[in-house]
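Report on one structure; see the data block that follows.
The values are calculated or read from the model by the stated rules, or taken from the named source; none is laboratory data. Everything numeric here is computed off the predicted structure, so don't read it as measured data. Virtual Cβ from ideal backbone geometry, glycine too; neighbours counted across all protein chains shown. All accessible areas refer to the heavy atoms of the entire protein, side chains included, with ligands and DNA or RNA removed. Shrake-Rupley method; radii C 1.70, N 1.55, O 1.52, S 1.80 Å.
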Amino acid sequence: MDTNVTPSVNPLAAPVLEVLPRDLEPYRKGNIGVDYVHRFESGKPGPHVLINALTHGNEFCGMVAATQLLDAGVRPLIGTLTVSFANVEAYRSFDPAKPFESRQLVHNLNRIWSDAWLDGPEDSPELRRARELRPVVAAADHLLDIHSTSQDVEPFWVYPGFVRNGTTALAIGRPRVHLVMPDGMSSGTPLIQFGAFGMAQGLGTALVVECGQHFLRATSDVAISVTQDFLAHFGLVAPAHAPVPPPAPKRFELQHIHVVKTPEFRFVRPCVGFEVFARDELIATDGELEIRAPCDDCTILMPARTAIVGREGVYLARPLH
């Protein structure tokens, strides 16, 4: 889809549930003492790559990609492969009648990867799980965190604006769309900014791939192919296909994340993502606050389906030429 075209869909329409949860109990017992974490060493020099699924409990494409690796018995040609399922408790709470409510139980597991949260006094299922996974993530040289979106939009990368991240995403080629965060994520610390991954002097690549709408089969297909390409890029598996020229990238730079302040948060028109606004054009209101485009050709990403105070309402980005 052309990312400059506003899709003519109802953003609040009930989603089609093409992919549903499967029982993850067979994957509970890992081999490093942490539930739902599986590590495989080749015995040959090479990087340690972590493939992480289910940071959010209703983002099933990562579960499909991770179980595909485990079911197929994939083993690294070099280095070490770790496969993890993160927020399994939220995943288990999925209700087809309320498919968006199992994203998290208490905290957003993708915003609490700072020392302040991990070493702090608060408790929740997500904090307990992040503390369990902390040494798993710290051990990895490279990280792919697999996500999906509430609306059916073109897949895209998300990453801190370090050269090493952009180089890897461009080399893999697909998705062609990139959301670059020059100053990280202002609304919290995501997994891809944990520890050295969030440092300019770090060496490891850490990418989020947003594969498409949560419950579509095509989204899981994207997750499987990107996972394969990510592992092949670092030499852990053989390429799944002959090299092909990558599509021309379309890159955006994050300018601002608006966190919802009131239940009255509303967009001025239905939005699903990638809508473009002129500088100073009104995008949304949040009570008496007006959210206006801070730049020319302001492109919005991940607009909230419903207003939930304290959660992210919309990402504002500018195109990088």
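The portion of the accessible surface of the chain made up by carbon and sulfur, rounded to a whole percent, is 54 (1.4 Å probe; DNA, RNA and ligands excluded).
Here the label points at residue 138 and residue 320, each 7 Å from Cα along the C-beta direction, are separated by 3.0 nm in the simple model. The residues 24, 70, sorted by heavy-atom accessible surface at 1.4 Å with ligands and nucleic acids left out, run 70, 24 from largest to smallest. Full extension of the chain segment joining residue 305 with residue 242 gains 18.8 nm, where the gain is 0.36 nm per residue of separation less the Cα-Cα distance. Considering only 285, 149, 82, the Gaussian network model of the chain with Cα springs below 10 Å gives its largest mean-square fluctuation to 285.
Computed from Cα atoms, the angle from the helix 60-71 axis to the main principal axis of the chain rounds to 10 degrees. Averaging Cα coordinates gives a centre for the range 28-50 and one for the range 226-269; these two points are 25 Å apart.
For the range 104-212, the list of trypsin sites (Lys or Arg not before Pro) that fall in a loop by DSSP and count at most 15 other C-beta atoms within 10 angstrom is empty.
Where a ≥ b ≥ c are the square roots of the eigenvalues of the C-alpha gyration tensor, would you call the range 113-158 rounded, which needs a/c under 1.5, or, failing that, prolate if a/b is larger than b/c, or oblate? Taking the square roots of the gyration eigenvalues as a ≥ b ≥ c, the range 113-158 is oblate. Between residue 128 and residue 167, the modelled labels are 4.2 nm apart [label points 7 Å from Cα along Cα→Cβ]. Of the GluC sites (Glu not before Pro) found in the range 238-321, those in coil by DSSP whose Cβ has at most 13 other Cβ atoms within 10 Å are 264, 281, 288.
For residue 283, the residues whose modelled amide H falls within less than 5 Å of its own, excluding neighbours fewer than 5 places apart on the same chain, are 291, 292, 293. Computed about the Cα centre, the dipole magnitude for the range 64-213 is approximately 320 debye when only Lys and Arg (+1) and Asp and Glu (-1) carry charge, each at its Cβ. When the trypsin sites (Lys or Arg not before Pro) in the range 268-319 are filtered for DSSP coil states and for at most 12 other beta-carbon atoms within 10 Å of their beta-carbon, the remaining sites are 279. Antiparallel beta bridges, as assigned by DSSP with both residues in the chain, represent about 50 percent of the total such bridges. Label separation (residue 266 vs residue 203): 5.4 nm, computed from points 7 Å beyond Cα along the C-beta direction. Starting from the Kirkwood radius over alpha-carbon pairs of the chain, derive D by Stokes-Einstein at 25 °C in a medium of 0.890 mPa s and give it in µm² s⁻¹. My calculation gives 123 µm²/s for D. Tell me the per residue accessible area of the chain using a 1.4 Å probe; a whole number in Å² is fine. I get 43 Å² per residue for this part.
Rounded to 0.05, the FRET efficiency of the residue 17 and residue 106 pair, given R0 = 25 Å and the Cβ-Cβ distance, is 0.50. Tell me which of 192, 117, 104 sits at the most positive position along the dipole axis of the chain, charges placed on C-beta atoms (Lys, Arg +1; Asp, Glu -1). With unit charges placed on the Cβ atoms, the residue in question is 192.
Compute the long axis of helix 217-233 from its Cα atoms, compare it with the longest principal axis of the Cα atoms of the chain, and write down the angle in degrees, 0 to 90, nearest 10. Once rounded, one gets 50 degrees.
On a per residue basis, the convex hull of the C-alpha atoms belonging to the range 45-157 measures out at 121 Å³. Sort the range 118-231 into rounded, prolate or oblate with this rule: let a ≥ b ≥ c be the square roots of the eigenvalues of the Cα gyration tensor; rounded if a/c is under 1.5, and if a/c is not under 1.5, prolate when a/b is larger than b/c, oblate otherwise. Here the range 118-231 falls in the oblate category. Look at the Cα gyration tensor of the range 149-202: its axes a ≥ b ≥ c give a/c of at least 1.5 with a/b at or below b/c, and that counts as oblate.
Basic side chains Lys and Arg get +1 at the Cβ, acidic Asp and Glu get -1 at the Cβ, and with that the dipole of the chain about its Cα centre reaches some 620 debye.
Result for the chain in a Gaussian network model with C-alpha springs under 10 Å: among 88, 268, 153, the largest mean-square fluctuation is at 268. Rg ratio for the range 172-248: its Cα radius of gyration over 2.2 N^0.38 Å, N being its residue count, equals 1.25. Each pair of Cα atoms in the range 30-94 enters the Kirkwood radius, and Stokes-Einstein at 25 °C and 0.890 mPa s then converts it into a translational diffusion coefficient of 200 µm²/s. Taking only Cα atoms, what is the 0 to 90° angle, nearest 10, from helix 125-138's long axis to the longest principal axis of the chain? Taking the Cα atoms of the chain, the angle to 125-138 is about 60 degrees. For the range 181-188, the Karplus equation 6.51 cos²θ - 1.76 cosθ + 1.60, evaluated at θ = phi - 60°, returns couplings of 9, x, 10, x, 10, 6, 8, x Hz by residue, with Gly and Pro reported as x.
Summing charges over neighbours of residue 318, with a neighbour being any other residue whose Cβ is under 12 Å away from its Cβ, gives -1 when K and R count +1 and D and E count -1.
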